[in-house]
Structure formats: structure tokens, C-alpha cells
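The structure appears right after this line, and notes come after that.
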Amino acid sequence: MGTFFSNISKLTVSRGLSIGLGLASTPIITRLYRPEDFGIYGVVFSVAAWFIAFACLGYNQAIPLAASRQEARTLTRLCLWITALLTMLSIVFFGLGGPWLARLLGEPQIAPYLWFVPLFFMIDSIRGTSESILAREGRFGVVSAVSFIDMNLSRLVSILWALVLTAGIMGLIVGNLIASSLSLGIALAVGFKVLWDRTGEDDSPPVSYAQAIKNHLQFPKINLWNNLLKVSTGRMPVFVLAAYFDPAVVGFFTFATNIISLPLRILGNSVADVFYPEAAREWNESGKVERAMHFAVKFQATIGIFPMVALGLLGPLFFEVVFSFRWTEAGVLSQILAFWTLMNFITAPISSLFLIVNRAGTRLVFSIMQLAVTLISLFAGGMIGNVRLTLAIMSLSLGLVSLVMFIYILRLGKAKVWTNINVMLKEIFFSLLTLLPATVAFYYFELRWSSLGLVALGVVAYFGLLYWRDKEIHERVLRVMGRRPDVATPISDSE
């Protein structure tokens, strides 16, 4: 299990550095582009994300579970054929029905940009297939490099587009396309080279398309709809807000969710990439996922909860100082969305357990519940006409559903429920404790810069306390420094 921490750390450092550099450029982006630009771009990308949920009909997610390289190759070919077919269908659909869809969404100005959706789909579908190959082969360093290039090149191109040409929706779209295309090229080249390497290969027989489809039928049959419902839950607020409020509100929401989801994108995705194959191996060997689950929850809680709590408490402060006063409302929305985002951050990376234990149908039930409470909350709040109340109802409802799902996943993996919940509660408590002075200084005394200084001290205090109070973290740091032998750390019931 030592490689578990190593692989997560590798991905997390790369993605953290990538998004850190991206954050450094974000104040430039927010001063070049308007909230309305982000709003329209958010609607276009939400349409693309909904269609991307059909990528490879879910078979790309089966590649890490392939029993042999022969089966993985067959699944890869199958994914490419499905991608080609769906890309052609999407060109016809958006070519003929783009204007109609734009009017249906109440955003006729997005019609010209819907032509880019088939391109988004093709790139994301092939890249997802390539990254599944890399995850199966343990090439997480390449996944890290691809993530780094994607994030930073996208921002750079968007900035250059605004400075050389004009700041508008096309700058955001072109930046995304160029960065995604280059990332795709790297992932595709390395992934295919590794998968088709015959060195030391066993004599397993070829696997036919029919056999591969049959072996992993749960992916298009159930998990595809899980993905579609998950995307719908995440993107539905954009469509409903666009129907009830002006594009600036959609822009504030889109930007707020992009920022507050950073811990999930940096850490959660890294945990998910490593947890999936690691948990599959543990389940096949022992019939439970106790150890992989513990390490996943532990890593997320100790590293990720603090920044989530900081954004939830002091969102307006960070948005005012970093992105300008024009984006203060986005900071308020980030506070409102904090509970949902925190629970999703904890639950999403380990939700692949449903696939490992062949309980995708149960995941589908949770997805339906999430979409239902999202729609009810949004339409109820939209009719009231208050965007903050609308999102508060949605955040509370989705957060509670995610909490129930988290507990269910722990039981499904036969992990110690209260041991893992206590890990989370401890980190939330110490995060609140170390951020309390900054919170009081900002809201009671209205000291912006002093509050930022207290946040910095809070960071030092939190991680200092973490090193002092957590024996497992303490021992791991000493091993990294070469002062302890590298042995597995047992899971303690007292944690």
C-alpha cells in the first residue's frame, strides 16, 4: 500500500502545482473577461458536459478492470469505434438542432458556439480512454503531466486571445480546445505505446468485441446512466439559473463552482485515479476494501478539508482580494455551496466502489435522488426569485444525500464506519479552530488584510497540529526524511 500514497502524492503535487499556476493567472482572466462571458461559456460547456457523459458508452471506465492486456486492447478499439460513431451523430444533431436547443434553453446567443460541442466530445472521449489505459498501467506521472498542460495552457491561450484579439467567449473556448488537444496527443501516444508493448506479455488469448461487451455490460447498461445523472446534477443549476436569472448570475455561479471545486480537482481526482485499481485488487484478494478506503479518506481529510472549510468561511474575502470586488457575489455563492461541495469532495473519489462490487444499480438510485433534489430545489427557489436561497436549498439537500451515500459506501466496502467518520470530523474541527481568528477579524472587525495574515497563520497552525497529533502522518514524514524504515502503518480503531 506504500505505492498508494506515492501515486496519490505524485498526482496531487502535479495537479496542485498546475492549479496553483492557474490560480496565479485567474486574477488576469477575471479582469479581462466579464461575468456574462463566463455565464454563456458555462451554458455551452454544460451542454458539452451532458453529451460527454455518453463518451464510449462508459466502456472506457472498464479498461482498468480488464483481466488481461488483450481484453484492454479490445476495449480500447471498441471505445474508438463508439467515439467515431457518436461524434458523427453529434455533428448532425448540433448542426441541424443547435438553434432549436439554444432557444429551448432560453439562451439563443449560444447557438453559434454549439458547433464546438462535437469537437469537445471527441477530444474528451479519446482522452478519457487514453487516461484509463495509463491508470491501468500505473503511468500516473503521465496523467499528472497531461493535467498540468491542460490547465495552464488553457489559461495562457485565453489571456493571449484577449490581449491580441478581443476578450469574449471565443477566447475561453479556443483556450480549452488547444490545451485539451495537446493533452490528448500526449496521453494517446504514451497510452497506446504502453498498451501495445509486447515485452514480457503472457499468452492470454485474444478477446472478441462480443466477449468484451458481455464482460462489462454494466457500464453501458447502468453506469452510463449514472454518469449522465451525475453530470445532469452538476450542470442543471446552470440551465435553471439561466432560465430564471440574467447571464451575470450564471457567470458568478460558474466561477464560484470552478474555484470551490479546486480541492476535488487537485486531490479528489488524484485519490479517485489511484483508489479505483487499488480497491479492485484489495476486493478481489480479501472481499473487502478496508485498507484502501482508510487511506483514501485519510488522505482527503488531512489535506483537502482545510481549504474547503477556508473557502466556506472566508469566500468573499478571497474573491475580493484575488479576483477584484466585481466577483464578491461569487465568493458569497461559494460559501452557500460549501456544504454540498465538502460532502461531494469526500464521497466522489470512493464512489467507484459501486463498480468494483457490481452494485452500479445502487449508484443509479443515489444519482436519481441527487438529480431529483436538485430539480426540486432549483425550481422552488427560482420561483421565489432569490438566487442565494435557491442555491442554499440545493446545497443542503445534495449535501445530505452525499452524506448518506458516503456512509453506505463505507458499509459496502466493509470498512470501519466510525473510524473514517471520526477522521473527517477531527479535520473539520481543527480547520474551524485554526481559522476562527481570521473569521472574526474579517466579519466583526472588517480587517481584510489582517484577516489574510491570520489565514496564513492558520495554515501553519493547522498543519503543525496535524503533524503533532497524528501519529500516522508523523511517522510518514519521518520515513520521507529517511529517519524511519518504510513499513506499512496499521489501521487503528482509535483514530
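Exactly one residue out of 240, 174 is in contact with a helix residue (DSSP H, G or I) (Cβ under 7 Å, 6 or more places away or on another chain), at pLDDT 80 or above, surrounded by fewer than 19 Cβ atoms within 10 Å (Cβ to Cβ) and under 24 Å from residue 50 (Cα atoms): that is 174. Inspect all residues belonging to segment 264-277 and state whether any of them is at pLDDT 85 or above and either assigned by TED's automatic domain parsing to the domain that holds residue 459 or of a type in the set (S, T, N, Q) (or both). No: segment 264-277 contains no residue that is at pLDDT 85 or above and either assigned by TED's automatic domain parsing to the domain that holds residue 459 or of a type in the set (S, T, N, Q) (or both).
Can you confirm whether segment 417-430 contains a residue that is touching a His at 6+ places or on another chain (Cβ under 8 Å) and polar (S, T, N, Q)? Yes, the conditions are met somewhere in segment 417-430. Of all the criteria given as (1) assigned by TED's automatic domain parsing to the domain that holds residue 348; (2) crowded, with 18+ Cβ neighbours inside 10 Å, the one not satisfied by residue 221 is (2). Considering segment 62-88, and only residues there that are more than 27 Å from the chain's Cα centre (by Cα) and surrounded by 13 or more Cβ atoms within 10 Å (Cβ to Cβ), the residue that is nearest to residue 206 (Cα to Cα) turns out to be 70. Of all the residues in segment 186-220, those that are modelled with pLDDT under 80 and under 24 Å from residue 52 (Cβ atoms) number 1. Can residue 278 be described as under 27 Å from residue 72 (Cα atoms), free of Cβ contacts under 8 Å to residues at least 12 places away in the same chain and assigned to a helix (DSSP H, G or I)? No. Looking across segment 427-462, the residues that are within 24 Å of the chain's Cα centre (by Cα) and over 15 Å from residue 314 (Cβ atoms) come down to 427, 428.
For segment 64-102, the candidate set comprises residues that are over 20 Å from residue 127 (Cβ atoms) and charged (D, E, K, R); within that set, the residue that is modelled with the lowest pLDDT is 69. Among residues of segment 214-241 that are at positive phi, none has a beta-carbon under 7 Å from a residue that is buried (at least 22 other Cβ atoms within 10 Å of the Cβ) and not basic (Lys, Arg) at least six positions away or on a different chain. The helices (runs of 4 or more DSSP H) falling completely within segment 352-455 that include 3 or more residues that are among the small types (Gly, Ala, Ser) and modelled with pLDDT under 90 map to 360-384.
Scan segment 438-458 for residues that are surrounded by 16 or more Cβ atoms within 10 Å (Cβ to Cβ) and within 21 Å of residue 339 (Cα to Cα) and the total you get is 5. Would you call residue 105 under 30 Å from residue 243 (Cβ atoms) and modelled with pLDDT of 90 or more? It is false that residue 105 is under 30 Å from residue 243 (Cβ atoms) and modelled with pLDDT of 90 or more. Modelled with pLDDT of 90 or more, part of a helix (DSSP H, G or I), buried (at least 19 other Cβ atoms within 10 Å of the Cβ) and touching a Gly at 6+ places or on another chain (Cβ under 6 Å), is that true of residue 349? When the stated conditions are applied, residue 349 does not pass them.
Across segment 160-183, the number of residues qualifying as in contact (Cβ under 8 Å) with a residue 12 or more places away in the chain and not in a helix (DSSP H, G or I) comes to 2.
The values are calculated or read from the model by the stated rules, or taken from the named source; none is laboratory data. Small disclaimer: the values here were computed from a predicted structure and weren't measured. FYI the Cβ positions are ideal-geometry reconstructions off the backbone, even for glycines, and counts take in every protein chain you see.
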